[in-house]
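Visitor: Below is a structure I'd like to ask you about.
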Amino acid sequence: MLGGARGDTVCGMRILITGASGHIGGVLATRLRDEHVIRGVDLSPPPADVSDATGGDFVVGDCSDPAVAHRVVDGVDAVVHLAGIATETDLPAILSTHVETTAALLDAMVSHGVARMVYASSNHAVGMTPRCTLLTDDVPPRPDTFYGVGKVAAEALLALYADRFGISSVAMRIGSFLERPETRRGLSTWLSYEDCTRMIRAALTADVDGVTAIYGISNNTDAWWDLEPGRALGYHPRDDAAAFADSIPTRPEDDIEGARVGGPFATKEFHVPPFSEAP
Ligand SMILES: NC(=O)c1ccc[n+]([C@@H]2O[C@H](COP(=O)([O-])OP(=O)(O)OC[C@H]3O[C@@H](n4cnc5c(N)ncnc54)[C@H](O)[C@@H]3O)[C@@H](O)[C@H]2O)c1
């Protein structure tokens, strides 16, 4: 076990949060600031509360740049890698933002002896998987977009660096990180702010041999993604999207969005840009 504690317990590590100026990064940094020493890195300067949570230990830079990666990884105990374009875009940008950032950080971790990465993967790594009784963590990669391809490739890098260099990682296949669920699909896929923090706390300190993939959702009554791998790491979600069910209207697209893991990203209507324009 890293750091000396598990689950919701305080353990006092030095943590790098990449993408710390973003949605998840901000929620996490402000909640973990009293438990851990936090450093942030992002392409964008931090909002005031994140700057405060890091005590000014913040680098504005690109994690795919090895010099930046080495600078920010030096001196930490673990990396929470959230940096990345959080939606579909062209393939070269996806490869830079998800794959090159992950590789540069892992290389820096090898150099500086940092043993744990907690990675923000996505349900879109397996987004084309049809709805089933229980989506287990061992389903084969089945991305719904270039975005999903980027997450599959980043998860593959985690496996490579685990086998080659002994870096242990948790790949969190996050569902829908929102203050509250907004669609009927979200009744299954919602991840609350507090449960996300619980999940990352657990992932930072759990015993992990190699790479473990877990589904990043709350304790939703309508969940069909397996929460047991997360529970085995000490992630015990408490929130339930069902508490919001009465306030979420039904829409014609709900059924098709519920048919595959990736929801709207996995529908025929969702635009995936061409890799290159026709000559
Ligand atoms: N929000 C969700 O529901 C959700 C679901 C699944 C996965 N994820 C993943 O979680 C991570 C964080 O998502 P978010 O919702 O906070 O997104 P966000 O867009 O709010 O934040 C991402 C941050 O990463 C930064 N960034 C992008 N490329 C970078 C680079 N090369 N170097 C440094 N910083 C870089 C951006 O400036 C941004 O501040 C992303 O990797 C995303 O793919 C999010």
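One line per residue, one yes/no per condition, for (1) crowded, with 24+ Cβ neighbours inside 10 Å; (2) assigned to a loop (DSSP other than H, G, I, E, B); (3) at pLDDT below 95; (4) charged (D, E, K, R):
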| residue | (1), (2), (3), (4) |
| --- | --- |
| Asp52 | no, no, no, yes |
| Ala86 | no, yes, no, no |
| Leu95 | no, no, no, no |
| Ala103 | no, no, no, no |
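Visitor: Taking only pairs six or more apart or across chains, which ones have beta-carbon atoms under 9 Å, a first residue in the range 256-271 that is closer than 10 Å to His124 by Cβ, and a second residue that is surrounded by fewer than 19 Cβ atoms within 10 Å (Cβ to Cβ) and of a type in the set (Gly, Ala, Ser)?
Guide: Within 9 Å, the pairs are Ala266/Ala259.
Visitor: Starting from residues that are of a type in the set (Gly, Ala, Ser) and under 23 Å from Ser64 (Cβ atoms), keep the ones in the range 126-165 and report whichever is farthest from the ligand (Cβ to nearest atom).
Guide: Looking at residues that are of a type in the set (Gly, Ala, Ser) and under 23 Å from Ser64 (Cβ atoms), I get Ala162.
Visitor: Consider Arg71 against the criteria (1) in a strand (DSSP E or B); (2) more than 18 Å from the chain's Cα centre (by Cα); (3) basic (Lys, Arg): it satisfies all of them except one. Which criterion is unmet?
Guide: (1)
Visitor: Hey, Leu32 hits all of (1) within 13 Å of the ligand (Cβ to nearest atom); (2) in contact (Cβ under 8 Å) with a residue 24 or more places away in the chain; (3) under 19 Å from the mean Cα position of the chain (by Cα); (4) over 25 Å from Phe165 (Cα atoms) but one; which does it fall short on?
Guide: (1)
Visitor: Scan the range 104-131 for residues that are out of contact with any strand residue (DSSP E or B) (no Cβ under 7 Å at 6 or more places or on another chain) and either polar (S, T, N, Q) or more than 24 Å from Cys196 (Cα to Cα) (or both) and report the count.
Guide: Qualifying residue count for the region: 7.
Visitor: Say we look at the range 39-50 and pick out the residues that are within 12 Å of the ligand (Cβ to nearest atom) and in contact (Cβ under 8 Å) with a residue 24 or more places away in the chain; which of these is surrounded by the fewest Cβ atoms within 10 Å (Cβ to Cβ)?
Guide: Here is the first cut: in the range 39-50, the residues within 12 Å of the ligand (Cβ to nearest atom) are 40-47, 50.
Of the ones still in play, those that are also in contact (Cβ under 8 Å) with a residue 24 or more places away in the chain are 40-43, 45-47, 50.
On the way: Gly40: 29, Val41: 31, Asp42: 23, Leu43: 14, Pro45: 11, Pro46: 22, Pro47: 16, Val50: 24.
Selected residue: Pro45.
Visitor: Could you tell me which residue of the range 136-167 is nearest to Leu105 (Cα to Cα), considering only residues that are surrounded by 21 or more Cβ atoms within 10 Å (Cβ to Cβ) and among the hydroxyl-bearing types (Ser, Thr, Tyr)?
Guide: My answer is Tyr161.
Visitor: Another question about this same structure. I need the full set of residues from the range 127-157 which are among the polar types (S, T, N, Q) and farther than 20 Å from Thr102 by Cβ, in order please. So that I can check it myself, show each step before the final result.
Guide: Filtering the range 127-157 for residues among the polar types (S, T, N, Q) gives 129, 133, 136, 145.
Hits for the range 127-157 are Thr129, Thr133, Thr136.
Visitor: Scan the range 95-125 residue by residue and report those that are of a type in the set (A, V, I, L, M, F, W, C) and near the ligand (Cβ under 10 Å from one of its atoms).
Guide: Residues satisfying the conditions are Ala104, Leu105, Ala120, Ala125.
Visitor: Of the residues Asp195, Asp240, which is touching a residue at least 24 places away in the same chain (Cβ under 8 Å), of a type in the set (Asp, Glu) and in contact with a Ser or Thr (Cβ under 9 Å, 6 or more places away or on another chain)?
Guide: Asp195
Visitor: Name the single residue, out of those in the range 66-89 being in contact (Cβ under 8 Å) with a residue 60 or more places away in the chain, touching a Leu at 6+ places or on another chain (Cβ under 9 Å) and of a type in the set (Val, Ile, Thr), that is nearest to the ligand (Cβ to nearest atom).
Guide: Ranking the qualifying residues of the range 66-89, first place goes to Val80.
Visitor: Within the range 175-243, considering only helices (runs of 4 or more DSSP H) that don't extend past its boundaries, which have at least 2 residues that are over 15 Å from the mean Cα position of the chain (by Cα)?
Guide: Qualifying helices (runs of 4 or more DSSP H): 186-189, 228-232.
Visitor: Something else about it: Look through the range 176-224, keep the residues that are surrounded by fewer than 21 Cβ atoms within 10 Å (Cβ to Cβ) and among the acidic types (Asp, Glu), and return whichever of them is farthest from Ile15 (Cα to Cα).
Guide: Asp222
The values are calculated or read from the model by the stated rules, or taken from the named source; none is laboratory data. Source: prediction; values computed, not measured. Quick reminder, even Gly has a Cβ in these numbers, built from the backbone with ideal geometry, and neighbours come from all protein chains shown.
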